[in-house]
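The values are calculated or read from the model by the stated rules, or taken from the named source; none is laboratory data. No experiment lies behind these values; they were computed from the predicted model shown. Heads up, the Cβs are rebuilt from the backbone with ideal geometry, glycines too, and the neighbour counts pull from every protein chain shown.
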Amino acid sequence: MNSQMVLRGLGALLICEAIALIPSVIVSGIYEDGAMMSFIYTIILLIIIGIPLARLKPKTNSIYARDGFAIVAAGWIVISLFGAFPYYLSGAIPSFADSFFEAVSGFTTTGASILENIEVLPPSIIFWRSLTNWLGGMGVLVLTLAILPSVGAGTLQIMKAEVPGPNPGKIVPKISSSVRILYKIYLALTIIEIILLLASGMPFYDSLIHAFGTTGTGGVSSKNFNIAAYDNVTAEIIITVFMILCGVNFTLYYQTIKGNIKALLKDEEFRFYIGIVAVSIILISINLYGNVYGSIGESVRHSSFQVASIITTTGYTSTNFDTWPLFSKMILFVLMFIGGSSGSTVGAIKSIRILLLLKATRLEMKSIIHPKAVFSIRLGNKTIDEKTLSEVKNFFFAYILIFTLTVIIISLDGFDLATTLSAAAASIGNIGVGFGQIGPLGNYSQFSGLSKAVLSICMLMGRLEIYPILVLTMPSLWEK
């Protein structure tokens, strides 16, 4: 391992986190909420540690696969540790362990919270929670590469380890240009949503908070009752649309902007993703109509919002869906595992993997009927090789295994089955909201310290696609 290069990368990351804290200082000054010094102390600490590390001069600037995985895995743990300081130093969250849980939840865009009353928090702390969602959505390391591309050569390895979904690649030949293009698209979506939310009647501060939570698919809100607190149909429609948009592979937007509009419609993963959204909305709307809501309009309104929220792993709520019929809740539970497209800001398994697994199952069935025939799996115009398919199957196995182990461990807390299952699924899927104790009206405050630690690890694993965190435990990773 090129340890000095890893440390240099972490130093650059800490400097970026210090810069990211500045808007919260400004918000604290505007509202005079008394939390300003907690951000300033954290910034000073980050600079003291970050600058010496960033100034290291390694013998070689090359970053290989394991170096990229080490920078990403260690980087997300480190930024979460430092990101917890504003919560702890301001007194908003007295326990550092709970502050770390909140920071991990923010950066991993999970939105899970131990806070029982969000609205009493200083506005700058709420702003920091939401901003961590936005920073974590596209990827903190990707942002670092966009701002400080001189961190080293071979930075595609970092992008591979951090960007959600299989086979991430470059939009254009130069990696720094690729990440800047991604962030320009990301920023454009955020700004457009802020403007539309303002037009819907939502205050400017609230529009910022919820635009960050939507485009980052993190679901952090400034209200205890989330989006339901506004009872604003226009705002719900805007957020629903943008949640769905942010579940699409961002490279498709770039191709569309460049004039290749057919690329979006021809993309098989996109069609699969939109198809699942449409079918889920229809089924839940039919189930809700007459059972929960008296009009088809109300049924479609809330089913659309919650389907978009869950499949994109955003976790926003427009109503208490925990009171819905079991059929509707089971559909939402299944969506927790599927997720949106690869190369988007969402969590969970991803639609492309589910699609490939379905194609592989169909192929096995055809092979049984025609044992001597040779079949291949195609995705669009591309033939999927055995290595990619094997990686997808291994990831699915690892995902389900971690989910199962998590369920077993947190079951020690003695919560009901709905709470236990959904807490594990919502953590590794980076969704946050679930059923029972962690439903739209609940939170994670009642979980034990062990469960919170396990769920924090799950959130990191889910956001980083499992392997970057797992490889940290391998002694061979640290060999020179």
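With the requirement that a residue be touching a residue at least 60 places away in the same chain (Cβ under 8 Å) and either under 23 Å from residue 26 (Cα atoms) or among the basic types (Lys, Arg) (or both), what does the stretch 220-261 give you?
Listed by number, the residues that qualify are 220, 221, 222, 223.
Checking residue 436 against (1) of a type in the set (Gly, Ala, Ser); (2) at pLDDT below 85; (3) surrounded by 14 or more Cβ atoms within 10 Å (Cβ to Cβ), which test does it fail?
Going through (1) of a type in the set (Gly, Ala, Ser); (2) at pLDDT below 85; (3) surrounded by 14 or more Cβ atoms within 10 Å (Cβ to Cβ) one by one, residue 436 breaks only (2).
Here are some residues: 436, 414. Which one is under 30 Å from residue 325 (Cα atoms), in contact with an Asp or Glu (Cβ under 7 Å, 6 or more places away or on another chain) and not β-branched (Val, Ile, Thr)?
Just a single option satisfies the conditions, and that option is 436.
Kindly provide the set of residues from the stretch 31-84 that are assigned to a helix (DSSP H, G or I), closer than 24 Å to residue 205 by Cα and without any contact (Cβ under 8 Å) to a residue 24 or more places away in the chain, ordered by number.
Once the filter is applied, which keeps residues that are assigned to a helix (DSSP H, G or I), closer than 24 Å to residue 205 by Cα and without any contact (Cβ under 8 Å) to a residue 24 or more places away in the chain, the stretch 31-84 yields only 40.
Working only within the stretch 90-129, note down all residues that are among the hydroxyl-bearing types (Ser, Thr, Tyr), in a helix (DSSP H, G or I) and either surrounded by fewer than 24 Cβ atoms within 10 Å (Cβ to Cβ) or in contact with a Pro (Cβ under 7 Å, 6 or more places away or on another chain) (or both).
Listed by number, the residues that qualify are 90, 99.
So which of 398, 426 ends up being touching a Ser or Thr at 6+ places or on another chain (Cβ under 9 Å), surrounded by 12 or more Cβ atoms within 10 Å (Cβ to Cβ) and among the hydrophobic types (A, V, I, L, M, F, W, C)?
Result of the check over 398, 426: 426.
Return the residues of the stretch 192-239 that are at positive phi and within 21 Å of the chain's Cα centre (by Cα); say none if nothing qualifies. Explain how you work it out, then say what you get.
Filtering the stretch 192-239 for residues at positive phi gives 201, 217, 219, 226, 231.
Within the stretch 192-239, 217, 219, 226 meet the criteria.
Looking for something farther than 24 Å from residue 462 by Cα, assigned to a helix (DSSP H, G or I) and of a type in the set (Ser, Thr, Tyr) - is there at least one such residue anywhere in the stretch 245-252?
Looking for residues that are farther than 24 Å from residue 462 by Cα, assigned to a helix (DSSP H, G or I) and of a type in the set (Ser, Thr, Tyr), one finds none in the stretch 245-252, hence no.
Please list, ordered by first then second residue, the pairs with beta carbon atoms under 7 Å, 6 or more apart or interchain, first in the stretch 178-207 and part of a helix (DSSP H, G or I), second of a type in the set (Lys, Arg).
Matching pairs, first to second residue: 178/170.
Scan the stretch 342-353 for residues that are at pLDDT 90 or above and under 14 Å from residue 384 (Cβ atoms) and jot them down.
Within the stretch 342-353, 352, 353 qualify.
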